[in-house]
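Read through the structure below, which is laid out as structure tokens, and then see the notes.
Since every read-out is calculated from the coordinates, none of them should be taken as a lab result. Since the structure is predicted, the reported quantities are computational estimates derived from the model, not experimental observations. Please note: Cβ atoms are built from the backbone with ideal geometry, for glycine as well, and neighbour counts cover all protein chains shown.
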Amino acid sequence: MKSIYKLLTASLLLSLTVFIGCEDRSELNAPAPPNMGTVSFERFVTLGNSLTAGYQSSSLYQSAQLYSYGAQIAKLFGAKYEQAFMSDPGSGGRVEVASLTPFALKVNPNKGEPTNLNYPAPYNNLGVPGAFLFDILNATSSANSYSARGGSINQLFDIILRGRGSAFRQAKLQQPTLLSCWIGNNDVLGYATTGGTAPITDAALFTLMYNQLADSLASLKTKVIVANIPSVTSIPYFTTVPPALKDPSSGAIITLYGQTTTGVRALAPGQDLLTLPASFALLDANGLPTGVGLSPTRPLPNSVVLDKDEIVKVTAATTAYNTVIQNAATAKGFALVDFNNFFNAVAKNGLSVNGLFLTTEFATGGLFSLDGVHPTSAGYAVVANEFIKVINSKFGSSIPLINVSTVPGSIVLSKEVRMSKYGIPIIPPGSLENVLF
């Protein structure tokens, strides 16, 4: 009898377990859909340059393009977002890690190919690496782009625009429900990255062109988000190689000499900056001094020195451009992402997000890729989140932010990373001379 009772009890418990297990709890488990406010991602289009394209480590390649800021935003909603994919290793010149100790880079000699040139409509991502402000409304190919005027032919214009008209015209054809535009960086960055040897766009001309662009964007009668220009002092391309070295054996400061706008002189920490390519002028492949920069008779070339007078020009231009962008956004009712203040704050304090701590340190900070200018995949997630925050604020939505910790990094992050004994990376000559911005 007791055995039968135990059997019946066990059977009853099993039945209850099955019943409870089969109970429909979808109403309890299903997350509430985000409040979209007045915004729609049905036809989401992004305009810009390399930062929009998803460029990383001096190349445009598919495994990185999948994490462009626009692609990461579109993925939240399963929205269509077509891009001009380049098979890995990409458009050429991709910078990769050669050694962790001492930390050294190498250039991948291989090149990928476009994989969807025959897509029968304009791409959603119309960011073209190397594009200037002029190009959004005017460039239809590499031949008539802004950089072609200086003799530089950028084939990515042809791969992304594909003879279908300017980036703006292709955006207009899509009748976007939401459009982002992040442009103007190259108008000052080209000057800065070449140590002041490339032209800088005059502020009055920038004002005229940006206002024309703002009028064109407003004519689309859609929701528009624009972004401003970060300061060069917030990115590792200008903060990794110091203007004076430290002798590892004695701790003595080694004065460096460079060609500046006022002639050859000793470079001053806190006043002058060196670009990342200065590394291959200072160090050989073994991380030993080449002798360049150690005396006034063998100064660092002007192309890798952004001296204090040039920094004044860059700062003035960046401030002027950002004022123009702010005024245009206010006048047209565009949403504005303030990347200038954001990246300045991150450069100063770092960024804690989703259990990660990201900094602007070269290679180990997790935010910037190996060219020192463009974000990593996780860095583009951070960028995407800044866009989402502004979308939520401007259009009354409550779109959840991307969990940055779930986005794969694009470079090796390791406690084993050790720079050369002079504290800077070993970079092969010429490896960063053709970076597109």
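Summary table
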{"read-out": "Between region 166-227 and region 81-123, the alpha-carbon center distance in angstrom", "value": "25"}
{"read-out": "Ratio Rg/Rh [Cα only; Rh per Kirkwood] for region 287-348", "value": "1.23"}
{"read-out": "Along the chain, longest interval not containing exposed GluC sites (Glu not before Pro), exposed being DSSP loop plus at most 10 other Cβ atoms within 10 Å", "value": "24-415"}
{"read-out": "Considering only the chain, percent of DSSP beta bridges that pair antiparallel, nearest 5", "value": "55"}
{"read-out": "Which listed pairs, of LYS75/LYS389; LYS80/LYS111; LYS172/LYS332; LYS223/LYS394; LYS75/LYS111, have C-alpha distances above 20 Å, in listed order", "value": "LYS80/LYS111; LYS75/LYS111"}
{"read-out": "FRET efficiency, 1/(1 + (r/R0)^6) with R0 56 Å, evaluated for ASN118 and ASN344 via beta carbons", "value": "0.85"}
{"read-out": "Part-to-part distance (alpha-carbon centres) for region 366-410 and region 242-321, which is given in Å", "value": "32"}
{"read-out": "Per-selection Rg to Rh, the chain - Cα, Kirkwood hydrodynamic radius", "value": "1.08"}
{"read-out": "Span per principal axis, largest first, for the Cα atoms of region 96-253 (Å)", "value": "64, 39, 32"}
{"read-out": "Two-site label geometry, ASN403 and SER87: point separation in nm, points 7 Å out along Cα→Cβ", "value": "3.4"}
{"read-out": "Among VAL353, VAL390, VAL97, residue whose mean-square fluctuation peaks in a GNM of the chain (springs only between Cα atoms under 10 Å)", "value": "VAL353"}
{"read-out": "Extension reserve of the ALA143-SER219 stretch, reckoned as 0.36 nm per residue once the Cα distance is removed", "value": "24.6 nm"}
{"read-out": "Directionally averaged projected area (convex hull, Cα atoms, region 339-437), nm²", "value": "8.0"}
{"read-out": "Mean ellipticity per residue at 222 nm, deg cm²/dmol - from DSSP H runs of n ≥ 4 across the chain, formula -39500 (n - 2.57)", "value": "-9500 deg cm²/dmol"}
